[in-house]
Structure formats: structure tokens, C-alpha cells
1. Could you please find all residues in the stretch 195-208 being open to solvent by 10 Å² or more (accessible area, probe 1.4 Å) and more than 18 Å from residue 242 (Cα to Cα)?
2. Would you pick out the residues in the stretch 331-365 that are among the hydroxyl-bearing types (Ser, Thr, Tyr) and either at positive phi or more than 16 Å from the ligand (Cβ to nearest atom) (or both)?
3. Report, by residue number, each residue of the stretch 211-220 that is buried (at least 20 other Cβ atoms within 10 Å of the Cβ) and more than 8 Å from the ligand (Cβ to nearest atom).
4. Tell me the residue from 393, 347 that is in contact with a Lys or Arg (Cβ under 9 Å, 6 or more places away or on another chain) and not basic (Lys, Arg), please.
5. Scanning for something touching a strand residue (DSSP E or B) at 6+ places or on another chain (Cβ under 8 Å), open to solvent by 10 Å² or more (accessible area, probe 1.4 Å) and outside any helix (DSSP H, G or I), does the stretch 243-262 turn up at least one residue?
6. Among the candidates 289, 244, 231, single out the residue that is more than 16 Å from the ligand (Cβ to nearest atom) and either among the aliphatic types (A, V, I, L, M) or outside the structural domain of residue 57 (by TED's automatic domain parsing) (or both).
7. How many residues are within 24 Å of residue 301 (Cα to Cα), part of a loop (DSSP other than H, G, I, E, B) and open to solvent by 50 Å² or more (accessible area, probe 1.4 Å) if we restrict to the stretch 75-105?
8. Having 1 or more residues that are aliphatic (A, V, I, L, M) and touching a residue at least 40 places away in the same chain (Cβ under 8 Å) is the bar; report the strands (runs of 3 or more DSSP E) wholly within the stretch 380-479 that clear it.
Amino acid sequence: MSAMAETKQSGLMEKIVALCKRRGFIFQSSEIYGGINGFWDYGPAGAELKRNIKDAWWNDVVRSRTDVVGIDGTIITHPRVWEASGHTTAFTDPMVDCRACKKRYRADQLSGETGKALVVEMGSAAEKTVKLPKGIACPACGSKDLTEPRPFNLMFKTYIGPVEEESSVSYLRPETAQIIFAQFQNVLSVSRQKLPFGIAQIGKAFRNEINPRNFTFRSREFEQMELEFFVKPGTDAKWHEYWVKERLKWYESIGLPKDKLSVYNYKKDELAHYASACVDVMFEFPFGVQELEGIASRGDFDLSQHQKFSGKSMEYFDDEAKERYIPHVVEPSAGVDRIALALLCAAYDEETVTGENGKTETRVVMRFAPRVAPVKVAVFPLLRNKPPLVEKAREIFKLLQPQFTTEWDDRGNIGKRYRYQDEQGTPWCVTIDFETLGEKGSELKDTVTLRDRDTMKQDRVKIDELVPLISAKLRNSPR
Ligand code: ATP
């Protein structure tokens, strides 16, 4: 990226962060106490956006299929879960300290590469040592007096019960996946599924990241949407390919533009020792092309480890082949917060428009796909101090509210209310005016103005037609 392009991009990120605060998408956690690094709260618009992402995923990955079921597991588990999975020993990032200014870095980020080669991947820690290239200086103070990289475990530790001792140590889960593996047999026995089938889960995960950065992109508390799709050994490659395609289609279905999506295929030497393939779904953020989701073919590593550590069989009886084996797994693992950030970045747009007073102005508009937009319809009485208008508008609000996420706004002039909704990404606004009431014998009685966010076009629509019309628009976009 050229220096100019870089400045422009970082300017864009600043604008997005400001909009997120201004319109209630994302706030700094504990802001009144000065904030806490790596933690973020979602405001009213952000909470809806996240819920829409999770609903879209759950609907498409679980509910609309016959071969995937869901679970909802705990954040704190028996610590043996993390011994079996390898997290206790190997879930580390290489950490480097500057001896001069005491700043702390992740070695792979210091080297200026986001490349995978320097990161200690799970399960491969023993084989890979991380070395800093010669002559690297501290980005903060310029000193070259840096420590050698050493592994730092990313799991948050806690204690169960009143006594803080070694035997009561547990961890906040660093991923949701292991809860699925640990419950594999229970789910199998209740769900009447046969291979191939999947178990899905959405929930919080926690990682004590050395360097949280890029807004919510790398947080210490975040949410994952993970699917463990169990397959017959030998069919891994086919299912891996299938899920990469499915997931890419899904990203387009929530409105991420195709030209900003790409895939990164792991090379053989970048894979964890048990994995046969891994593809990351990447998105072009203003701060660079970065991972949204990892889709890994993990063989039988996880179930075998749990079998070994728990002493409980993780085998599956294949009644067609009449044989027992530990299933292999394909794992599409996505982060809700990264997807929310990608949607916010993709949606942000500015355009020059002519305002009501004839002057040109900049319109900021969040062009979310209606499917994920926090609010679908906003309802405005033209004036707030005219009871018949407000009453009629309330009636229409009540008509729409059970069908769509609907917002009421009666403050300020209509132009300002449109601008507010544009910044929140609301696809449609409905205005109730005197003609709706049929004043002065207006032919437009029982019609309202339906205003489109993207075209700013305003159409007169019969009240009776509002619900079917908006439902059809919602169904038809963006896929
Ligand atoms: P990275 O290389 O960026 O640290 P990862 O490869 O370790 O990520 P996975 O362990 O594959 O990530 O986790 C699956 C998904 O969970 C990621 O694709 C991402 O969307 C999300 N995720 C992981 N770590 C974070 C984090 N610190 N903040 C927000 N989301 C995260």
C-alpha cells in the first residue's frame, strides 16, 4: 500500500470507529473508568447487528439443514479438557519484550509480517521455534535491546470454589470447539444422526492476546461460531472443499462484497501436525487483508486426544460398513466480532448530496444488506405535536413491529431523522403525514411515504401493502 493510500485507509478506520460510538454500535468497555484494553461493549445498534449475524449463521448452518445440530456449552470446563486439546501446553504466542521501554509485542507482528510462518501453531509448538530477524527495533522507542521470543499462554486462568490453589485452577475457554468434542458421544446418542453430521455452537471465547489491536479485530473477549462436521475417514478432503465453498457463499449472503473476500490456503509446513488442510476466509479491512474464519481439516486429533485423556471411547459404529472408528472432523470456525467489523467496514459509505436548503452536503450511509441491518424500518410522524398524526403513526408502528425490527423517531425535522437512520443503516423509513389522514379530501388517504436508504427515493404506499412489500424486499436482498 502506498503511504497516501495507507493514510486514507487509517482515516477511514477512524471515521468508522467514530460512527460506531456515535450511533451506538460499539463502545469501549468500562469507558467511564478509562476503558480496558481488548474489551468492547456493543450498544443498541451493535447488539442488533451481532444478533442478526448469529441468527443468519444458526439459521443457515443448523436450522435449514438436516445434518447439523446445535449445543450450548459452558465457558468454564474441567481443566483436563484443555490438557487433552493441547491448549495448556501449546496455546501460546511468541512474546518479545523491549528491555528499554518495557513494551511487549507478539514476535510475528514485530517482524512486520502477518504471515503464519512465525506463529507457533497449536500442536506444532515442539517443532517450530520462533526467531526474530536480525536488527529488529522496538516500534515504540527504537531500541534494539529486545528479549528472545518466549511462549506466552493465551488462556485466562481462574479458580473454582473459594480456595485459590493449584487444584482449583480452571480456564475461560479459548475456543468453543472443545466443548463440542467433549460432548460428542452424548450428542450422538440423542440426536439420531449418522455420519456425516455436524455439531454447532455459538458462544464467548477468551484469549489473553498480547497485543489487542485494530479496534475489535483482535479482542480478549469475543464470540465464535463453530461447526465440527464429523466425517468418515478418507472423505475429509471432499467435505473440506464443500465447507469452504458453503462458507464463502454465506459471506456473500450477508452482504460482504465478493471482491473483498479471498481465501488463504495453508502450505504444508504451516499446518499443525494433525491437520491435512486449512483455508482461511480473508476480508479486505481498511487495515489490511485479515482472517474472518478458519476452515481446518483436523483428522481425528481432537476426539482421539479426548479418548486418551478421559478413557472414554470416542468411536462411532458405522452400521453400513460394520466397523468402528474415530470420525474425522472438518471445522469451520468463525468470529462474530470480526464479521461485525467486516460488515461495518464494507457498509460505510459517504456521498455528496443536495440538502433541503439546496446546499451540497456529505451523507454518511451504512449500506448493510437488509438481512443484517440492525433496524429494518423506522416510523416517523411528520410532526410530534399533532396528536392525530402521532396516533396514526403509532398504529402503523404497531402493525410493523411484530414483523420487523422497527424504530420510532419523532424528534427533529424529517431530513435529520433520515440522516440518523442512514448512519444506522436502516433500509426503509415510513413517514406519516397529513395526507395519510386524508386531510382536505386528499386522495392519498391511508398511504404513507416509504423512503429507500440507498436511492433516497420516496414512494407513496398504501398502509395495507406495507408489510407484504417490506417482507418481499427483505426476502429478495441481497441474494
Ligand atoms: P489469529 O491468527 O488472527 O490470532 P486464529 O487463527 O488464532 O486467529 P482461530 O483459533 O482459528 O483464530 O479462531 C477462529 C476464529 O475466531 C478466527 O477466525 C476469528 O474470527 C476469531 N478470533 C480468534 N481470535 C480472536 C480475537 N482475539 N478477537 C476476535 N476474534 C477472534
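The values are calculated or read from the model by the stated rules, or taken from the named source; none is laboratory data. This is a predicted model, so every value here is computed, not measured. Every residue, glycine as well, gets a Cβ built from its backbone with ideal geometry; the counts of neighbours run over all protein chains shown. Surface areas here come from the heavy atoms of the whole protein model, side chains and all, with no ligands, DNA or RNA. Shrake-Rupley method; radii C 1.70, N 1.55, O 1.52, S 1.80 Å.
1. Answer for the stretch 195-208, where residues must be open to solvent by 10 Å² or more (accessible area, probe 1.4 Å) and more than 18 Å from residue 242 (Cα to Cα): 202, 204, 206, 207, 208.
2. As a first pass, look at the stretch 331-365 and keep what is among the hydroxyl-bearing types (Ser, Thr, Tyr): 333, 348, 352, 354, 360, 362.
Residues satisfying the conditions are 348, 352, 354, 360, 362.
3. 215
4. Values: 393 fails: in contact with a Lys or Arg (Cβ under 9 Å, 6 or more places away or on another chain).
It is 347.
5. Yes, that holds for at least one residue.
6. 231
7. Result for the stretch 75-105: 2.
8. The strands (runs of 3 or more DSSP E) meeting that bar are 428-432, 447-452.
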